[in-house]
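Chemist: What follows is a structure written as structure tokens; I'll ask about it next.
Values quoted throughout were computed directly from the atomic coordinates according to the rules given, and no laboratory measurement underlies them. These numbers come from a predicted model, not from an experiment. Cβ placement follows ideal geometry from the backbone for every residue including glycine, while neighbour counts extend to all protein chains displayed.
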Amino acid sequence: MKQSETTQTHDLFIETLSPYDFLTTAQRLREEIEKNSWLVSHVYDLKKTLEKHHQSVLPVYVFSLCHPKHSGKLLALNHERIASSAMPCRISVYEKIDGKTYLSRMNTSMVSQSLSGVMREVMSESSKDVEAMIKNVLKTANDL
């Protein structure tokens, strides 16, 4: 699967088609996050949450993740703590009406370009890490 054929960028967001079903994609993502020493602080099951409010949607998991190396740099500095509202990083896994599974995330590489100093450094580095993890999640036997 070629990345250019399966990834769409909509200004602040990036969406990538998964070659796997919803649950397999979510499991592979969790394993890849943990393998790379990132922490999953929470997984939101938005389908389940909305069902409690009588809304029916296709499956959506939102993974909240962070890496102490990155978050520690921001949270240790007084003026950079303002960026905590963008923490933790989030990756969504969801199905669309076409029956296919997708991953989306904020385009933090683009956002980082509008920042400076430690905020720019941390967002740029965490973006590289997240994109590398997603690339590994989406690998198939044909890619090896």
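Chemist: Could you give each residue of region 38-55 its phi-based ³J(HN,Hα) in whole Hz, using Karplus coefficients 6.51, -1.76, 1.60 with θ = phi - 60°, and x for Gly or Pro?
Modeler: Running phi through 6.51 cos²θ - 1.76 cosθ + 1.60 with θ = phi - 60° gives 8, 10, 8, 7, 6, 10, 8, 9, 5, 4, 5, 4, 6, 4, 5, 10, 6, 10 Hz.
Chemist: Please rank 22, 13, fewest neighbouring Cβ atoms within 10 Å first, as an exposure proxy.
Modeler: Values: 22 20, 13 13.
In order of increasing Cβ crowding within 10 Å: 13, 22.
Chemist: Residue by residue, what Karplus-based ³J(HN,Hα) values in Hz, rounded to whole numbers, does region 114-122 have, using 6.51, -1.76 and 1.60 with θ = phi - 60° and x for Gly and Pro?
Modeler: 8, 10, 9, x, 5, 4, 5, 4, 5
Chemist: Next question, about the same structure. Can you list the HN-Hα couplings for region 7-21, worked out from phi with the Karplus curve (6.51, -1.76, 1.60; θ = phi - 60°), rounded to whole Hz and with x for Gly and Pro?
Modeler: 10, 10, 10, 10, 6, 7, 10, 10, 10, 10, 6, 9, x, 10, 6
Chemist: Give the longest segment of the chain that steers clear of trypsin sites (Lys or Arg not before Pro) in DSSP loops with at most 16 neighbouring Cβ atoms within 10 Å, not counting the sites themselves.
Modeler: Free of exposed loop sites, the longest segment is 3-51.
Chemist: Another question, if that's okay. Once you've got the Cα coordinates, tell me which of 69/100; 100/128; 96/135; 48/96; 73/100 are over 27 Å apart.
Modeler: On the way: 69/100 34 Å; 100/128 25 Å; 96/135 20 Å; 48/96 16 Å; 73/100 37 Å.
Over 27 Å apart, Cα to Cα: 69/100; 73/100.
Chemist: Most mobile of 19, 68, 88 per a Gaussian network model of the chain (Cα springs, under 10 Å)?
Modeler: So, out of 19, 68, 88, the one fluctuating most is 68.
Chemist: In Å, the Kirkwood hydrodynamic radius of the chain over pairs of distinct alpha carbons?
Modeler: 16.0 Å
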